[in-house]
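Structure, as structure tokens:
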Amino acid sequence: MNNFVILPILIPLMTGIILIFVNKYTKTSRVISLISTVLTVIVSLSLVNQVYHNGIQTLNLGDWDAPFGIVLVADMLASLLVTTGSIVVLACTIYSFKNIGKEREAFFYYAAVQFLMVGVLGAFLTGDLFNLFVFFEVMLMASYVLIVHGGTKPQLRESIKYILVNVISSALFVIAVAYLYAVTGTVNMADLSTKISQLGQPGIVTVISILFLVVFGLKGAIFPLFFWLPGSYNAPPTPITALFGALLTKVGVYSIIRTFTIIFYHDTGFTHTLIGILAGFTILVGVIGAVAYWDVKQIIIYNILTAVGVILVGVATLTPTSLTGSIYYLIHDMIIKAALFLLVGAMIVITGTSNLKKMGGLINHHPYLGWMFFIATISLAGIPPFSGFIGKLLIVKGSLAAEHYALVAAILISSLLVLYSVMKIFINGFWGEAKLRKEEEKGTTKGLLFPITLLLSLSIALGFGAEWFYPYISQAAQDLTDPSIYVQAVLKE
């Protein structure tokens, strides 16, 4: 049954290869992508159920036992993120049918999305640092294709910065892995946890951990390494921006969570204090950008930074309650960010612009779209009983217990500013007198509302059905707060 672990990687990999050969047949590509992604979602849900009832699942590839061979590890955190990621890809794929354009579809678009999914889901499931690097590269190569997809001037301009930053971060990643291997003689995460625990995390390992924080911070866009994100994520078409905003930065955040709870958790007075400081500044920069802009995409893009900071506050605090909150908020944010990007994409389709000052009164002709945006807004801001509230509440509760009052204040103040930034879109974009008559609209939302409804329904369920989801997320946090559970599952000790 452990062969189940590889299926979320294998299915999109094989699909991507097939789609390369049928890319000129748009309808065929759509059908194959849809079937494959639905199948990945089903497999991922089955994996969550298996982990919940039977514990952490591992798969040693090539019959080489850990820590000597390549190992895939599906603990509850990885399984939940694999499921959430595959649902986000499903929604963005359906949205692309009506939004991405036939020219882009015929140029390996769906194949690139599948390979992106291979990299993202593989990063969640891998059990060693070198293969985390490998899956990062798969993800980044697919993102390079997607960020220039269509070849517009803004895309080409921003892609240079995006590729340069990621090439540098990948080089630093290899250097960090090499240094850690030189000190410990292993790259397996469970084995690293054991050996660093035995060493007591000497100063050299703490220095290496900061190098990893820089690498993952570049990919997760934490302060001050976020400079590349606003322009790069603004350039591609809406479905690609939604994929990037919901998944790519979250892989960087996941990597910080994984390494600083399983491997580098012995010198918390330095490493986790630093993470807390950077998280606070990331929240600050995010809300300033979100409040300042009148471009609907940029407002949501800067809210990515705020969410990254909030999640890392829970990691910095490193209590079971705060980690549970971080995981809850991470899952919530993947879903709600994808929904918000697709929502503002629909607004851009209708109006032909992303400038909020040129919009207005959209709710008159598009009430369903307007009220969906309102629900997404209050969920993002953490208004109870929606999913954003539950994650923030747990993070705040854990941070108060650890006496991190400044970070609690940053989260609470940022919630108000986040609410203001997205309500600004709702009030100016949907409310008031319509600036366009129905016949003057630039495009139609036909086919765009279903995937948004799917994501919002899941977000609402995550909030109102918290009692049902909480045991799964609590189990994920327990595995992080007690690394021995992970170690024993992987090394069979």
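The values are calculated or read from the model by the stated rules, or taken from the named source; none is laboratory data. The structure displayed is predicted, hence computed values, not measured ones. Here the Cβ positions follow ideal geometry from the backbone for every residue, glycine too, while neighbour counts run over all protein chains shown.
Going residue by residue through segment 417-439, is there one that turns out to be closer than 24 Å to ILE390 by Cβ and among the small types (Gly, Ala, Ser)?
The answer is yes, given that some residue of segment 417-439 is closer than 24 Å to ILE390 by Cβ and among the small types (Gly, Ala, Ser).
When the residues of segment 430-470 are narrowed to those that are of a type in the set (Phe, Trp, Tyr) and closer than 19 Å to ILE348 by Cβ, which ends up nearest to the chain's Cα centre (by Cα)?
Among those residues, the one meeting the criterion is PHE450.
Would segment 404-413 turn up any residue that is part of a helix (DSSP H, G or I), touching a residue at least 12 places away in the same chain (Cβ under 8 Å), touching a helix residue (DSSP H, G or I) at 6+ places or on another chain (Cβ under 8 Å) and not aliphatic (A, V, I, L, M)?
no
Could you please give the count of residues in segment 61-92 that are of a type in the set (Val, Ile, Thr), surrounded by 21 or more Cβ atoms within 10 Å (Cβ to Cβ) and at pLDDT below 95?
2
State all residues of segment 133-174 that are in contact with a helix residue (DSSP H, G or I) (Cβ under 6 Å, 6 or more places away or on another chain), farther than 20 Å from PRO236 by Cβ and either among the charged types (D, E, K, R) or touching a residue at least 24 places away in the same chain (Cβ under 8 Å) (or both); if no residue qualifies, say none.
Result: PHE133, LEU172, PHE173.
Per-residue answers, yes or no, for (1) of a type in the set (S, T, N, Q); (2) at pLDDT 90 or above; (3) under 30 Å from LEU284 (Cβ atoms); (4) surrounded by fewer than 20 Cβ atoms within 10 Å (Cβ to Cβ):
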position	(1), (2), (3), (4)
SER415	yes, yes, yes, no
VAL418	no, yes, yes, no
SER421	yes, yes, yes, no
LYS435	no, no, no, yes
LYS438	no, no, no, yes
LYS446	no, no, no, yes
PHE450	no, yes, no, yes
LEU456	no, yes, yes, no
GLN478	yes, yes, no, yes
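Quick one: ILE288 ticks every box in (1) more than 20 Å from the chain's Cα centre (by Cα); (2) farther than 27 Å from LEU342 by Cα bar one, so which box is it?
Checking ILE288 against (1) more than 20 Å from the chain's Cα centre (by Cα); (2) farther than 27 Å from LEU342 by Cα, the one that fails is (2).
Inside segment 420-457, can you point out the residues that are over 25 Å from ALA246 (Cβ atoms), in contact (Cβ under 8 Å) with a residue 60 or more places away in the chain, among the charged types (D, E, K, R) and part of a loop (DSSP other than H, G, I, E, B)?
Listed by number, the residues that qualify are GLU433, LYS435, GLU441, LYS442.
Every residue in segment 86-133 that is more than 13 Å from SER255 (Cα to Cα), part of a helix (DSSP H, G or I) and β-branched (Val, Ile, Thr), please.
Answer for segment 86-133, where residues must be more than 13 Å from SER255 (Cα to Cα), part of a helix (DSSP H, G or I) and β-branched (Val, Ile, Thr): ILE87, VAL88, VAL89, THR93, ILE94, VAL113, VAL118.
Can you tell me which residue within segment 289-314, out of those that are of a type in the set (A, V, I, L, M) and surrounded by fewer than 23 Cβ atoms within 10 Å (Cβ to Cβ), is farthest from TYR405 (Cα to Cα)?
Among those that are of a type in the set (A, V, I, L, M) and surrounded by fewer than 23 Cβ atoms within 10 Å (Cβ to Cβ), it is ALA292.
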